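One structure below.
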Amino acid sequence: MKDLKYLAALTIPISAFISLYFKGYLSYFTPFYAFAIIPFLEVLLPHDTSNLEGEQLKKKNKSKLFDWMLYLNIPMVFGFLFYALWDVSTHAYALYEVIGLIFSIGIVLGVNGINVAHELGHRQHTFERYLGKLLLLPSFYMHFYIEHNFGHHLHAATKEDPATAKYNQSLYSFWFTSTFRQYRNAWKIQNRLLKSENEGFFSMKNDLFFYTFFQLIYAVFVFLFFDTVGLWFALASGAIGFLLLETVNYIEHYGLVRFKMPSGRYERVRECHSWNSNHVIGRIVLYELTRHSDHHYKSSKKYQTLDYHDISPQMPFGYPTSMVLSFLPPLWFTIMNKRVPVEMRKPSD
(Lines give C-alpha, C1' and ligand atoms only; values in the text may rest on other atoms or scores of the structure.)
Protein backbone atom coordinates (compact mmCIF):
# COMPACT_ATOMS: atom_id res chain seq x y z
CA MET A 1 0.00 0.00 0.00
CA LYS A 2 2.91 2.33 0.67
CA ASP A 3 3.83 2.22 -3.02
CA LEU A 4 0.45 3.73 -3.86
CA LYS A 5 1.50 7.04 -2.30
CA TYR A 6 2.13 8.46 -5.78
CA LEU A 7 -1.60 8.34 -6.43
CA ALA A 8 -1.57 11.56 -4.39
CA ALA A 9 -0.58 13.24 -7.67
CA LEU A 10 -4.14 12.58 -8.82
CA THR A 11 -5.44 14.94 -6.15
CA ILE A 12 -4.62 17.72 -8.63
CA PRO A 13 -7.18 16.54 -11.23
CA ILE A 14 -9.57 15.72 -8.38
CA SER A 15 -9.30 19.35 -7.26
CA ALA A 16 -10.04 20.33 -10.88
CA PHE A 17 -13.19 18.20 -10.70
CA ILE A 18 -14.31 20.31 -7.74
CA SER A 19 -13.64 23.48 -9.75
CA LEU A 20 -15.53 22.15 -12.78
CA TYR A 21 -18.49 20.83 -10.80
CA PHE A 22 -19.17 23.72 -8.43
CA LYS A 23 -18.01 26.72 -10.50
CA GLY A 24 -18.37 30.12 -8.84
CA TYR A 25 -15.42 31.01 -6.66
CA LEU A 26 -14.60 27.31 -6.40
CA SER A 27 -13.46 27.58 -10.01
CA TYR A 28 -10.21 28.66 -8.37
CA PHE A 29 -10.00 25.67 -6.05
CA THR A 30 -7.21 23.95 -8.01
CA PRO A 31 -4.75 26.90 -7.82
CA PHE A 32 -5.73 27.30 -4.16
CA TYR A 33 -5.04 23.61 -3.55
CA ALA A 34 -1.76 23.61 -5.49
CA PHE A 35 -0.32 26.86 -4.17
CA ALA A 36 -1.83 27.14 -0.68
CA ILE A 37 -2.94 23.79 0.73
CA ILE A 38 -0.01 21.72 -0.59
CA PRO A 39 2.63 24.26 0.55
CA PHE A 40 0.95 24.37 3.98
CA LEU A 41 1.15 20.58 4.22
CA GLU A 42 4.79 20.67 3.09
CA VAL A 43 5.68 22.84 6.05
CA LEU A 44 3.89 20.53 8.49
CA LEU A 45 5.13 17.17 7.22
CA PRO A 46 8.72 15.91 7.64
CA HIS A 47 11.51 15.38 5.13
CA ASP A 48 12.52 11.93 3.98
CA THR A 49 16.19 11.55 3.00
CA SER A 50 16.18 7.75 2.80
CA ASN A 51 17.33 5.92 -0.34
CA LEU A 52 16.40 2.49 -1.63
CA GLU A 53 19.02 -0.26 -1.48
CA GLY A 54 19.56 -3.91 -2.36
CA GLU A 55 16.56 -6.10 -3.10
CA GLN A 56 14.09 -3.34 -2.32
CA LEU A 57 15.67 -1.19 -5.04
CA LYS A 58 15.60 -4.03 -7.58
CA LYS A 59 11.99 -4.86 -6.77
CA LYS A 60 10.72 -1.29 -7.13
CA ASN A 61 12.73 -0.72 -10.27
CA LYS A 62 11.05 -3.71 -11.95
CA SER A 63 7.55 -3.11 -10.59
CA LYS A 64 5.02 -2.15 -13.28
CA LEU A 65 2.79 -0.56 -10.65
CA PHE A 66 4.81 2.65 -10.79
CA ASP A 67 4.48 2.74 -14.58
CA TRP A 68 0.70 2.27 -14.46
CA MET A 69 0.39 5.11 -11.97
CA LEU A 70 1.96 7.30 -14.66
CA TYR A 71 -0.25 5.93 -17.45
CA LEU A 72 -3.34 6.65 -15.38
CA ASN A 73 -2.66 10.36 -15.86
CA ILE A 74 -3.37 10.17 -19.59
CA PRO A 75 -7.16 9.52 -19.41
CA MET A 76 -7.37 11.88 -16.43
CA VAL A 77 -5.69 14.77 -18.25
CA PHE A 78 -7.59 14.40 -21.51
CA GLY A 79 -10.86 13.52 -19.78
CA PHE A 80 -10.89 16.69 -17.68
CA LEU A 81 -9.59 18.80 -20.56
CA PHE A 82 -12.28 17.79 -23.04
CA TYR A 83 -15.03 17.94 -20.43
CA ALA A 84 -13.95 21.50 -19.60
CA LEU A 85 -13.89 22.41 -23.31
CA TRP A 86 -17.40 21.04 -23.77
CA ASP A 87 -18.64 22.74 -20.62
CA VAL A 88 -17.38 26.26 -21.35
CA SER A 89 -18.45 26.06 -25.00
CA THR A 90 -22.04 24.99 -24.25
CA HIS A 91 -22.80 27.06 -21.14
CA ALA A 92 -22.62 30.75 -20.30
CA TYR A 93 -20.37 31.42 -17.31
CA ALA A 94 -19.11 34.62 -15.77
CA LEU A 95 -15.67 35.69 -16.95
CA TYR A 96 -14.16 35.18 -13.49
CA GLU A 97 -15.41 31.57 -13.52
CA VAL A 98 -13.89 30.87 -16.94
CA ILE A 99 -10.56 32.35 -15.79
CA GLY A 100 -10.63 30.14 -12.70
CA LEU A 101 -11.29 27.06 -14.85
CA ILE A 102 -8.44 28.02 -17.20
CA PHE A 103 -6.04 28.09 -14.26
CA SER A 104 -7.44 24.84 -12.86
CA ILE A 105 -7.15 22.90 -16.13
CA GLY A 106 -3.81 24.57 -16.87
CA ILE A 107 -2.39 23.28 -13.59
CA VAL A 108 -3.57 19.77 -14.49
CA LEU A 109 -1.84 20.10 -17.87
CA GLY A 110 1.36 21.18 -16.14
CA VAL A 111 1.50 18.76 -13.20
CA ASN A 112 -0.21 15.66 -14.59
CA GLY A 113 0.57 16.42 -18.21
CA ILE A 114 4.01 17.93 -18.78
CA ASN A 115 5.57 16.60 -15.58
CA VAL A 116 4.52 13.03 -16.40
CA ALA A 117 5.55 13.60 -20.03
CA HIS A 118 8.99 14.52 -18.76
CA GLU A 119 9.29 11.22 -16.91
CA LEU A 120 8.00 9.16 -19.83
CA GLY A 121 10.17 11.08 -22.30
CA HIS A 122 13.29 9.63 -20.66
CA ARG A 123 12.10 6.03 -20.90
CA GLN A 124 13.80 3.47 -23.12
CA HIS A 125 10.61 2.08 -24.67
CA THR A 126 9.38 3.95 -27.74
CA PHE A 127 5.72 3.52 -26.76
CA GLU A 128 6.28 5.28 -23.44
CA ARG A 129 8.04 8.15 -25.18
CA TYR A 130 5.03 8.45 -27.52
CA LEU A 131 2.76 8.68 -24.49
CA GLY A 132 4.99 11.43 -23.10
CA LYS A 133 4.75 13.41 -26.33
CA LEU A 134 0.97 12.98 -26.30
CA LEU A 135 0.83 14.60 -22.86
CA LEU A 136 2.82 17.59 -24.18
CA LEU A 137 0.29 18.17 -26.98
CA PRO A 138 -2.43 20.14 -25.10
CA SER A 139 0.18 22.55 -23.72
CA PHE A 140 1.53 23.17 -27.25
CA TYR A 141 4.99 22.26 -25.95
CA MET A 142 5.95 19.15 -27.89
CA HIS A 143 9.31 20.73 -28.80
CA PHE A 144 10.20 20.30 -25.12
CA TYR A 145 10.97 16.64 -25.78
CA ILE A 146 13.79 17.49 -28.20
CA GLU A 147 15.22 20.51 -26.37
CA HIS A 148 15.08 18.86 -22.96
CA ASN A 149 16.55 15.50 -23.90
CA PHE A 150 19.15 16.69 -26.42
CA GLY A 151 19.79 20.20 -25.12
CA HIS A 152 19.06 20.77 -21.46
CA HIS A 153 20.64 17.56 -20.21
CA LEU A 154 23.82 18.44 -22.09
CA HIS A 155 24.00 22.14 -21.20
CA ALA A 156 22.30 22.37 -17.76
CA ALA A 157 23.85 24.99 -15.44
CA THR A 158 25.67 26.73 -18.30
CA LYS A 159 24.92 29.92 -20.20
CA GLU A 160 24.15 27.79 -23.26
CA ASP A 161 21.09 26.36 -21.50
CA PRO A 162 17.92 28.48 -21.77
CA ALA A 163 16.26 26.39 -19.04
CA THR A 164 18.84 27.43 -16.40
CA ALA A 165 17.92 30.64 -14.57
CA LYS A 166 20.76 33.09 -13.94
CA TYR A 167 21.62 34.45 -10.52
CA ASN A 168 19.36 37.47 -9.80
CA GLN A 169 17.13 36.75 -12.80
CA SER A 170 13.45 37.09 -11.95
CA LEU A 171 10.92 34.39 -12.77
CA TYR A 172 9.08 36.69 -15.17
CA SER A 173 12.23 37.49 -17.13
CA PHE A 174 13.00 33.77 -17.19
CA TRP A 175 9.56 32.92 -18.58
CA PHE A 176 10.33 35.10 -21.59
CA THR A 177 13.95 34.05 -22.22
CA SER A 178 13.46 30.35 -21.56
CA THR A 179 10.27 29.94 -23.60
CA PHE A 180 11.61 31.55 -26.77
CA ARG A 181 15.18 30.28 -26.52
CA GLN A 182 14.06 26.70 -25.91
CA TYR A 183 11.84 26.77 -28.99
CA ARG A 184 14.66 28.20 -31.09
CA ASN A 185 17.15 25.68 -29.67
CA ALA A 186 14.78 22.82 -30.43
CA TRP A 187 14.85 23.73 -34.12
CA LYS A 188 18.65 24.03 -34.07
CA ILE A 189 18.94 20.60 -32.48
CA GLN A 190 16.45 19.13 -34.94
CA ASN A 191 18.34 20.56 -37.93
CA ARG A 192 21.60 19.20 -36.55
CA LEU A 193 20.09 15.75 -36.12
CA LEU A 194 18.74 15.82 -39.68
CA LYS A 195 22.12 16.85 -41.11
CA SER A 196 23.87 14.07 -39.18
CA GLU A 197 21.68 11.59 -41.04
CA ASN A 198 21.83 13.42 -44.39
CA GLU A 199 18.12 14.18 -44.20
CA GLY A 200 16.35 17.32 -45.44
CA PHE A 201 13.77 19.53 -43.73
CA PHE A 202 10.79 17.61 -45.14
CA SER A 203 12.19 14.28 -44.03
CA MET A 204 9.98 11.83 -42.14
CA LYS A 205 12.61 12.13 -39.41
CA ASN A 206 11.85 15.82 -38.83
CA ASP A 207 10.00 15.34 -35.55
CA LEU A 208 9.49 19.05 -34.97
CA PHE A 209 7.66 19.37 -38.28
CA PHE A 210 5.23 16.67 -37.16
CA TYR A 211 4.91 18.14 -33.65
CA THR A 212 3.92 21.48 -35.19
CA PHE A 213 1.44 19.73 -37.49
CA PHE A 214 -0.14 17.74 -34.65
CA GLN A 215 -0.53 20.87 -32.51
CA LEU A 216 -2.19 22.73 -35.38
CA ILE A 217 -4.53 19.79 -35.95
CA TYR A 218 -5.38 19.78 -32.24
CA ALA A 219 -6.19 23.51 -32.36
CA VAL A 220 -8.36 23.05 -35.46
CA PHE A 221 -10.12 20.09 -33.83
CA VAL A 222 -10.90 22.17 -30.74
CA PHE A 223 -12.21 25.03 -32.87
CA LEU A 224 -14.45 22.78 -34.97
CA PHE A 225 -15.97 20.94 -32.01
CA PHE A 226 -15.91 23.61 -29.28
CA ASP A 227 -16.03 26.87 -31.26
CA THR A 228 -14.01 30.03 -30.58
CA VAL A 229 -14.63 29.90 -26.83
CA GLY A 230 -13.18 26.42 -26.65
CA LEU A 231 -10.15 27.41 -28.73
CA TRP A 232 -9.32 30.37 -26.53
CA PHE A 233 -9.81 28.18 -23.46
CA ALA A 234 -7.46 25.53 -24.90
CA LEU A 235 -4.80 28.11 -25.79
CA ALA A 236 -4.97 29.84 -22.41
CA SER A 237 -4.96 26.65 -20.32
CA GLY A 238 -2.09 25.32 -22.46
CA ALA A 239 -0.13 28.49 -21.73
CA ILE A 240 -0.72 28.04 -18.01
CA GLY A 241 0.56 24.48 -18.36
CA PHE A 242 3.85 25.40 -20.00
CA LEU A 243 4.39 28.43 -17.75
CA LEU A 244 4.05 26.06 -14.82
CA LEU A 245 6.78 23.94 -16.40
CA GLU A 246 8.98 27.00 -16.85
CA THR A 247 8.45 27.91 -13.21
CA VAL A 248 9.74 24.49 -12.22
CA ASN A 249 12.67 24.94 -14.64
CA TYR A 250 13.39 28.24 -12.91
CA ILE A 251 13.73 26.79 -9.42
CA GLU A 252 15.54 23.60 -10.49
CA HIS A 253 18.86 25.23 -11.43
CA TYR A 254 18.54 28.85 -10.28
CA GLY A 255 21.96 30.49 -9.98
CA LEU A 256 23.91 27.23 -10.23
CA VAL A 257 26.88 27.16 -12.60
CA ARG A 258 29.17 24.59 -14.18
CA PHE A 259 32.66 25.95 -14.72
CA LYS A 260 34.90 25.50 -17.71
CA MET A 261 38.00 23.35 -17.38
CA PRO A 262 41.42 24.27 -18.87
CA SER A 263 40.44 22.28 -21.97
CA GLY A 264 37.62 24.74 -22.59
CA ARG A 265 34.95 22.12 -21.94
CA TYR A 266 32.48 22.42 -19.09
CA GLU A 267 32.87 20.20 -16.07
CA ARG A 268 30.46 17.29 -16.13
CA VAL A 269 27.03 17.68 -14.56
CA ARG A 270 27.28 16.77 -10.89
CA GLU A 271 24.88 16.55 -7.98
CA CYS A 272 25.69 20.15 -6.99
CA HIS A 273 24.16 21.58 -10.18
CA SER A 274 20.47 21.09 -9.32
CA TRP A 275 18.33 22.20 -6.39
CA ASN A 276 16.76 19.37 -4.43
CA SER A 277 14.03 18.95 -1.85
CA ASN A 278 13.13 15.99 0.33
CA HIS A 279 9.78 17.41 1.44
CA VAL A 280 7.42 14.47 1.30
CA ILE A 281 4.35 16.09 -0.27
CA GLY A 282 6.21 17.75 -3.12
CA ARG A 283 8.06 14.52 -3.84
CA ILE A 284 5.00 12.35 -4.28
CA VAL A 285 2.78 14.91 -6.03
CA LEU A 286 5.54 15.61 -8.58
CA TYR A 287 6.71 12.01 -8.97
CA GLU A 288 10.09 12.65 -7.32
CA LEU A 289 10.93 15.53 -9.64
CA THR A 290 12.35 17.24 -6.56
CA ARG A 291 15.26 14.76 -6.48
CA HIS A 292 16.53 16.52 -9.54
CA SER A 293 20.26 16.08 -9.07
CA ASP A 294 20.06 12.31 -9.33
CA HIS A 295 17.84 12.69 -12.38
CA HIS A 296 20.58 14.69 -14.12
CA TYR A 297 23.23 12.30 -12.88
CA LYS A 298 21.44 9.39 -14.59
CA SER A 299 18.38 10.49 -16.54
CA SER A 300 17.28 6.94 -17.37
CA LYS A 301 16.50 6.15 -13.71
CA LYS A 302 12.81 5.77 -12.98
CA TYR A 303 11.22 8.25 -10.63
CA GLN A 304 10.63 5.76 -7.80
CA THR A 305 14.37 4.92 -7.57
CA LEU A 306 15.88 8.41 -7.54
CA ASP A 307 18.34 9.02 -4.71
CA TYR A 308 19.18 11.83 -2.34
CA HIS A 309 22.80 13.05 -2.34
CA ASP A 310 24.42 14.92 0.54
CA ILE A 311 26.30 17.28 -1.78
CA SER A 312 23.15 18.41 -3.59
CA PRO A 313 22.07 21.96 -2.71
CA GLN A 314 18.85 21.74 -0.72
CA MET A 315 15.90 24.08 -0.97
CA PRO A 316 14.48 25.35 2.32
CA PHE A 317 11.00 24.37 1.11
CA GLY A 318 9.47 21.87 -1.26
CA TYR A 319 9.06 22.59 -4.96
CA PRO A 320 5.38 23.67 -4.71
CA THR A 321 6.21 26.16 -1.93
CA SER A 322 9.32 27.32 -3.81
CA MET A 323 7.20 28.00 -6.87
CA VAL A 324 4.99 30.29 -4.81
CA LEU A 325 8.09 32.12 -3.52
CA SER A 326 9.37 32.55 -7.08
CA PHE A 327 6.20 34.49 -7.95
CA LEU A 328 7.53 37.18 -5.57
CA PRO A 329 11.07 37.95 -6.85
CA PRO A 330 12.27 40.10 -3.89
CA LEU A 331 11.26 37.36 -1.44
CA TRP A 332 12.80 34.68 -3.66
CA PHE A 333 16.11 36.55 -3.92
CA THR A 334 16.19 37.16 -0.16
CA ILE A 335 15.76 33.47 0.63
CA MET A 336 17.65 31.81 -2.23
CA ASN A 337 20.56 34.09 -3.16
CA LYS A 338 22.44 33.38 0.06
CA ARG A 339 22.11 29.66 -0.60
CA VAL A 340 23.79 29.82 -3.99
CA PRO A 341 27.48 28.88 -3.56
CA VAL A 342 29.59 32.06 -3.45
CA GLU A 343 31.79 31.00 -6.36
CA MET A 344 28.71 30.56 -8.55
CA ARG A 345 27.15 33.95 -7.88
CA LYS A 346 27.17 35.99 -11.04
CA PRO A 347 24.86 38.82 -12.02
CA SER A 348 22.49 38.10 -14.88
CA ASP A 349 23.66 39.41 -18.25
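The values are calculated or read from the model by the stated rules, or taken from the named source; none is laboratory data. Here the structure is a predicted model, which is why all the values come from computation and not from measurement. Glycine also receives a Cβ, built like all others from the backbone with ideal geometry; neighbour counts cover every protein chain displayed. All accessible areas refer to the heavy atoms of the entire protein, side chains included, with ligands and DNA or RNA removed. Shrake-Rupley method; radii C 1.70, N 1.55, O 1.52, S 1.80 Å.
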Put +1 on the Cβ of each Lys and Arg and -1 on the Cβ of each Asp and Glu in the chain; which of Ile281, Tyr266, Tyr183 then has its Cα farthest toward the positive end of the dipole?
Tyr266
Pop a pseudo-label 7 angstrom from the Cα along the beta-carbon direction at both Thr228 and Ala94 and give the gap in nm to one decimal.
2.4
What's the center-to-center distance, using Cα atoms, between region 207-231 and region 62-133 in Å?
16
In region 193-329, taking the dipole from +1 charges on Lys and Arg beta carbons and -1 charges on Asp and Glu beta carbons about the Cα centre, the listed residue (Val257, Phe225, Tyr303) farthest towards the positive end is Val257
Grab the DSSP H runs of the chain that are 4 residues or longer, score each as -39,500 (n - 2.57), total them, divide by all residues and round the 222 nm result to the nearest 500 deg cm²/dmol.
-17500 deg cm²/dmol
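Please report, in whole Å³, the volume per residue of the convex hull around the C-alpha atoms of region 209-349. All intermediate terms of the calculation are to be shown ahead of the outcome.
On the way: hull volume 26.4 nm³, N = 141.
Normalising the Cα hull of region 209-349 by residue number yields 187 Å³.
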Just subtract the alpha-carbon distance of Ile335 and Arg184 from 0.36 nm times their residue separation and send over the number in nm, one decimal.
51.1 nm
Once all Cα-Cα distances of region 1-124 are split into 10 Å bins that start at 0, what whole-number percent is in each one?
12, 36, 31, 15, 5, 1
To the nearest 20 debye, what is the magnitude of the charge dipole of the chain about its Cα centre, counting +1 on the Cβ of each Lys and Arg and -1 on the Cβ of each Asp and Glu?
800
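Between rounded, prolate and oblate, where does region 20-65 land on the alpha carbon gyration tensor, with a ≥ b ≥ c its root eigenvalues, rounded for a/c under 1.5, else prolate if a/b exceeds b/c?
Details: a/c = 7.21, a/b = 2.09, b/c = 3.44.
It is oblate, given that a/c is not under 1.5 and a/b is not larger than b/c.
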In region 301-327, whose amide N lies under 12 Å from the spot 7 Å out along Cα-to-Cβ of Glu53? List them in ranges.
none
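Shape verdict for region 141-229, please, from the Cα gyration tensor: rounded (a/c under 1.5), prolate (a/b greater than b/c) or oblate.
Oblate.
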What do you reckon, how do Glu267, Glu55 stack up by accessible area (1.4 Å probe), largest on top?
Glu55, Glu267
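Show Leu243, Leu70 ordered by accessible area, largest first, where the area counts protein heavy atoms only and the probe is 1.4 Å.
Details: Leu243 45, Leu70 0 Å².
The most accessible residue leads, giving Leu243, Leu70.
Take the alpha carbon gyration tensor of region 86-141, find the square roots of its eigenvalues, order them as a ≥ b ≥ c, and report rounded if a/c is under 1.5; if not, report prolate when a/b exceeds b/c, else oblate. Kindly include the intermediate steps, with their values, before the conclusion.
Values: a/c = 4.76, a/b = 2.82, b/c = 1.69.
Judged from the Cα gyration tensor, region 86-141 comes out prolate (a/c at least 1.5, a/b above b/c).
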Using the heavy atoms of the protein chains alone and a 1.4 angstrom probe, what is the accessible area of region 216-287 per residue in square angstrom?
40
